[in-house]
Amino acid sequence: MRAATWTGVNEVSVETVPDPTLLNDHDIIVKVRKTTSCGSDLHLLGGYIPFMRAGDVLGHEFMGDVVEVGRAVRERKVGDRVVVNSFIACGTCWYCKQELYSLCDNGNPNPGITEGLWGQSPGGCFGYSHALGGFAGSHAEYIRVPYGDVGAFVVPEEVSDLRALFASDAVSTGWMGAELAGTKPGDTVAVWGAGGVGQMAARAAMLLGAERVLVIDRLPERLAQVREHVGAEVIDYSTTDVMAELRELTGGRGPDVCIEAVGMEAHSPGVHGTYDQVKQQLRLQTDRPSAVREAIMACRKGGSLFVLGVFAAAVDKFPIGAMMNKGLTVRGAQVHGQRFTPRILEHMARGELTTEHLATHVMPLEQAPRGYQMFKDKEDGCVRAVFEP
Amino acid sequence: MPLPKIVTRAAGLAGGAGGKALQQLQHLRLPGFGQSSVTDDPRTAARRWRAVSVLTDPEQLRTAIPVPLAAFGDRLDVRVTPAPGDRGAELAARFRGPVTEDEIGDLRAALRESKALVEVGEVLRVDPQPHGHRKATPQGAAIEGMAERAPREGVL
């Protein structure tokens, strides 16, 4: 089959690779209909998560048709049109029973790497390095899905492929941030980042009853999408002072809930941005956390912050004093998608959650290298490059 | 020596180095990075209980020690205790005498496999996976060495 692979720092190729096979009784094989680039892939491409091997198949956000099922699969069947969560979870360990699926104890066959880095290992993820299991990704004609009954959800007839695709990761991640940060009716929610995840976090906050939702970014086409398709307000950080805007818009309190949807390669203007770039390039810190810092400083006293952006290891100048003295609740997680996907598909079926606008560039899988280049450079207003194998 | 041979030789060394590096990472205590339970001297490390929590009735584990642990025979002490707060059972094991780092790695893998067999009914496999052309580079070989070693390393 054909597949898009990581072949080196900032290098993507399309190659012929072996077809996947059922390896475990709980596996299913999915013929991929649509698979999308994700902002977190850029950390892999750029070499910031140094556990990729040349030839690894990329991609973790996808949907398609079940074409084969293992002996222990009970619910999924051949012919089901499914969306698959990006994290691999067994559904039976204590973490899965608590609906903390990305923390699954039985989802990552390479726990030694992440335990060494973080003290504990999260679950595995498709196409996201050998630190998260070394599973082949979805930018391919076929993909093996472990624990198929747990991670694959049948898409309702009335939901299009392009809408369902983003339930795999962008929507479920955004929804998780809004819900687990404790968004409730009357809240003001600020979201850093207007990519797919940030937009969906904003939409989820609105559906959870937030009074006011503000999305912060600098790219005009993304801010326009937020206004037009999400219905939230926007702040362009390249033209105004975010902290001052947020104070002004919240009666001096600051947002009740802050959601960071940017991650380890945050762009920020001025001295702060230069400082983080230099430290990261000199390997004195692994991540650039400017959005996290700003969110902590902006958040109201006693408010909450959810970190959705992917971070690898350690950062500098983390404002722990502000976090502690303001009594903030800070949470983060990789996506517990299995917890939120059923509700998300219902909202999608009712037309309350639309995602088609995120797919600004839909192209054949063979054009994946070009798609990633456009996505990385934000060329032609690219929000997501979606590939069709 | 021709260049391809040099690269292949370097890659081979790097593969071993990758596994070794991961092993060494378990002993590091850099601020903000890494964590390990294996900072004791070899004799103490060998005697330390290594444990996993298994979401099951403790009685089930007491009556039938999972096969991966049973395979160690009388070289291990195995302990099963109820885990607090409906977390199932704590399955712990330790060697009865001095052992090597590799044998401790075998025990880590056996504990994880035991947990998976009880909770899921099978151990998750990852190989063979579809992949494209693997360039013979030292960095790539190091990643492969790490991945090969990873099931037997960690904080257990």
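Note: relative contact order over the stretch A:172-332, using C-alpha pairs below 8 Å and six or more positions apart, is 22 percent. Kirkwood hydrodynamic radius of the stretch A:273-326, from the reciprocal of the average inverse Cα-Cα distance over all distinct pairs: 12.0 Å. The longest part of chain A holding none of the exposed loop trypsin sites (Lys or Arg not before Pro), meaning those outside H, G, I, E and B in DSSP with at most 16 other Cβ atoms within 10 Å, is A:78-217.
Considering every alpha-carbon pair of the stretch A:227-278, the percent of pairs per 5 Å bin, from zero through the bin containing the longest distance, is 4, 14, 19, 25, 23, 11, 4, 0. A Förster distance of 35 Å, applied to the separation of the beta-carbon atoms of residue A:363 and residue A:275, puts the FRET efficiency at 0.40.
Could you pull out the pairs from A:317/A:376; B:20/B:135; A:34/B:115 whose alpha carbons sit more than 23 Å apart here? Pairs exceeding the cut-off: A:317/A:376; A:34/B:115. Counting only other chain Cβ atoms within 10 Å of each residue's Cβ, the peptide B:132-139 averages 6.
Computed over the Cα atoms of the stretch A:59-158, the ratio of the radius of gyration to the Kirkwood radius (Rg/Rh) comes to 0.98.
Computed across the stretch A:172-332, the Kirkwood radius stands at 15.4 Å (inverse of mean 1/r, all Cα pairs). For the protein assembly as shown, taking the reciprocal of the average inverse distance between every pair of different Cα atoms yields a Kirkwood hydrodynamic radius of 24.1 Å. Subtracting the Cα-Cα distance of residue A:236 and residue A:154 from 0.36 nm times their residue separation leaves 25.7 nm of extension gain.
Taking every pair of alpha-carbon atoms in the stretch A:25-106, what share in percent sits in each 5 Å bin, from 0 to the bin with the longest distance? Pairs per bin, as whole percents: 3, 13, 16, 18, 22, 18, 8, 2.
The fraction of Cα-Cα pairs per 5 angstrom bin, counted from 0 for the stretch A:308-349, comes to 5, 15, 15, 17, 15, 10, 10, 9, 2 percent, rounded to whole percents.
Rounded to the nearest 10 degrees, the inclination of helix A:170-180 to the longest alpha-carbon principal axis of chain A is 50 degrees.
Mean projected area of the convex hull spanned by the Cα atoms of the stretch A:106-194, taken over all viewing directions: 8.7 nm². Averaged over peptide A:89-99, the number of partner chain Cβ atoms lying within 10 Å of each residue's Cβ comes to 4. Computed over neighbours whose Cβ is under 15 Å from that of residue A:385, the net charge equals -4, Lys and Arg +1, Asp and Glu -1. Only helical runs count toward this figure. For chain A, summing -39,500 (n - 2.57) over DSSP H runs of n ≥ 4 and dividing by all residues gives -8000 deg cm²/dmol at 222 nm.
Stokes-Einstein D for the stretch A:286-389 at 25 °C, 0.890 mPa s, Kirkwood Rh over Cα pairs, in µm²/s? For the chosen part, D equals 144 µm²/s. Each part gets one Cα centre, and for the stretch A:78-98 versus the stretch A:1-67 those centres are 18 Å apart. Just so you know, the Cα atoms of the stretch A:1-137 work out to an Rg and Dmax of 15.1, 41 Å. Relative to one another, the C-alpha centroids of the stretch B:107-137 and the stretch A:185-248 are positioned 41 Å apart. When both bridge partners sit in the protein assembly as shown, DSSP labels roughly 60% of those beta bridges antiparallel.
Which value, in Å² and to the nearest 10, is the accessible area of residue A:19 when all protein chains are kept and the probe is 1.4 Å? Surface accessible to solvent at residue A:19 totals approximately 90 Å².
Between the beta carbons of residue B:70 and residue A:72, assuming R0 = 22 Å, the FRET efficiency works out to 0.40 to the nearest 0.05. Shielding value for B:54-61 is 1, the average number of Cβ atoms from other chains within 10 Å of each residue's Cβ.
The values are calculated or read from the model by the stated rules, or taken from the named source; none is laboratory data. None of these values were measured; they are calculated from a predicted model. Don't worry about glycine lacking a Cβ; one is built from the backbone with ideal geometry, like all the others, and counts go over all protein chains shown. Heavy atoms of the whole protein, side chains included, go into the accessibility calculation; ligands, DNA and RNA do not. Shrake-Rupley method; radii C 1.70, N 1.55, O 1.52, S 1.80 Å.
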